[in-house]
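> I'd like to ask you about the structure that follows.
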Amino acid sequence: MTPGGAFAGAPGDFRAQATQCFENLKAGLASVGAGFEHVVKVTNFFVDMSHLPVFFEVRDAFVNTKAPPASTAIQVGRLARDGALFEIEAVAVIPDRAKAAAKRGTAKKTTRKKRRR
């Protein structure tokens, strides 16, 4: 769905719907400081599994094709909204920023003043 709540593309345009799903996922990841490199698993729901080759073309424009996330494809009778052809569910693992900064050696160091008695 587009931000306006409509399906992307013309009715039945699988490529447009799949691309919009990945764009929405990209925006969701960015909102928490993450990217597709943090996605470890996707579950893809298809109304028609014959769209799988187009799905791979779309997916490959977003993920690292040398190390794509684990993926499951499931064909369903229908999705929640009439006209929907594709839905994606993703699991992302986002490292703790403080721990990641410490590993890179960029964590802020704090100093404490000793109190005299």
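> Order the following by accessible area, largest value first: Phe56, Phe14, Phe62. Probe radius 1.4 Å; ligands, DNA and RNA are ignored.
Phe56, Phe62, Phe14
> For Ala92, what residues show an amide H to amide H distance below 5 Å, using hydrogens built from the backbone and excluding near sequence neighbours?
Amide H neighbours of Ala92, under 5 Å, 5+ apart: Val40.
> Using θ = phi - 60° and the Karplus relation 6.51 cos²θ - 1.76 cosθ + 1.60, list the HN-Hα couplings for region 74-87 in order, rounded to whole Hz, with x at every Gly or Pro.
10, 8, 10, x, 6, 9, 4, 10, 4, x, 6, 10, 8, 8
> Whole-Hz Karplus ³J(HN,Hα) for region 50-58, in order, using 6.51 cos²θ - 1.76 cosθ + 1.60 and θ = phi - 60°, x for Gly and Pro?
Going residue by residue, I get 5, 7, 3, x, 5, 4, 4, 4, 5 Hz, with x marking Gly and Pro.
> Can you pull the accessible area of Asp48 for me, 1.4 Å probe, Å² to the nearest 10?
60
The values are calculated or read from the model by the stated rules, or taken from the named source; none is laboratory data. Just so it is clear, the structure is predicted and the values come from calculations on it, not from any experiment. Note: areas computed on protein heavy atoms with side chains; ligands, DNA, RNA excluded. Shrake-Rupley method; radii C 1.70, N 1.55, O 1.52, S 1.80 Å.
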